[in-house]
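> Would you mind keeping the following structure in view while I ask a few things?
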Amino acid sequence: RLARFSLPTPPAITMVAAACFAAATSRAVTAAVVDRHHTPATHLRHHGGVGSFAAAVPSTSARVMAPHHGGVKQRSGTTQRAAAVAEATSRSETSALSDSLRPSSASCARTLVAIANTGTISSVCDDGIALGTFASYVVQDKTGDVVLRMRRDAMHTANIQRDARCSLYVQPASQPPGVLSRATLIGSLELLNDDASAAAASQYNAVHGENVGVDAAGDADNYYRFLVDRVFYVGGLGSDKRAEVVSAADFADAVADPLCMDALSIVDTMNNERYEDVLNFARASLPDQGEPAEARMLWVDTLGFDVRVITGGSGGRDQVLDVRLPFSARAHNLQEAVSSLTMLAQVIWEEEKQYTPTPVPRKVPEEVVEG
């Protein structure tokens, strides 16, 4: 179902913000509800640095009109706030709506590969049993190919030389609590020639450094290109719950989310530095009179962001809603993401506080008065 939200005519200074929020909330807000016993404080605990996002966003006290990014809780009843639907009419309807508000599975898989740069490669031993070992890789800038560095005397290298079929399991270690995404690349490895290996070695050293012990790079290393046949993606970025096979063509055409390297710092800052903002975003997504006990941003991408909301349920059971809030336009970089979040928060605050700016006095030109 679509969440509906009507706005009063805002002052000219906030027209852009109003358009952003109205367009975003008119598209949809989705929620998946899970009832379970747990300790909210433990469930929502999150630690981490503020990263680059903190430097890009002024503190709440420094903002114009000091907005707290209120939750559009219109108690007068004249304006309905965005409502997250707790129960969808059908599973397929919910899935289709959710898919339209977030990057594709192919893009999410590409994002995971870009973030991680290490994984577990499974090769086939001579007895037919799969061997899973640590592997590090780089993603080539021009082609998007995944290139792995492997020692020539390693067991998995011997396996690959005998049977090139393998899989690469990728799961970034930096994902926030409550978010668990993974992708398995399935296919085979192709040994690079000397020139391509030299270029790959240069990129590998820039990304991974020299490493130590058995992981130390050496002149005798082999570099292999992963030839993807298909990708098994299990969703968890934000409130995503997908699990599906991505074709080689779709994976090749997809690109990593442009916010993937900034997403974690944005999430950290919102949850640690601007928690009241997140709480009020959650409040704006609940049915009328609903009140969040706790909330936490899960993930942010080019199309929007996800918030996990905890409300008090019946019978002493907490109700957990994973809410997707879309941006009105794609955020291609950190600055655009900051802008979208700030505009959303500004309009929410104005609606919550019923803010009406004092008109700026206009001096009438003398010739008009004389006329």
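> So with the 1.4 Å probe, I'd like the accessible area per residue for region 321-371, rounded to whole Å².
Averaged over the residues of region 321-371, the accessible area is 61 Å².
> State the extension gain, in nm to one decimal, for the chain segment bounded by Arg330 and Ala249, taking 0.36 nm per residue of separation less the distance between their alpha-carbons.
Extending this stretch completely gives an extra 26.8 nm.
> Now for a separate question. Highest first, please rank the peptides 131-142, 319-330 by the mean number of other Cβ atoms sitting within 10 Å of their residues.
Put in order of decreasing packing, that is 319-330, 131-142.
The values are calculated or read from the model by the stated rules, or taken from the named source; none is laboratory data. Predicted, not measured: the structure shown is a model, and the values here were computed from it. Heads up, the Cβs are rebuilt from the backbone with ideal geometry, glycines too, and the neighbour counts pull from every protein chain shown. We work out accessible area using only protein heavy atoms, side chains counted, and drop any ligands, DNA or RNA first. Shrake-Rupley method; radii C 1.70, N 1.55, O 1.52, S 1.80 Å.
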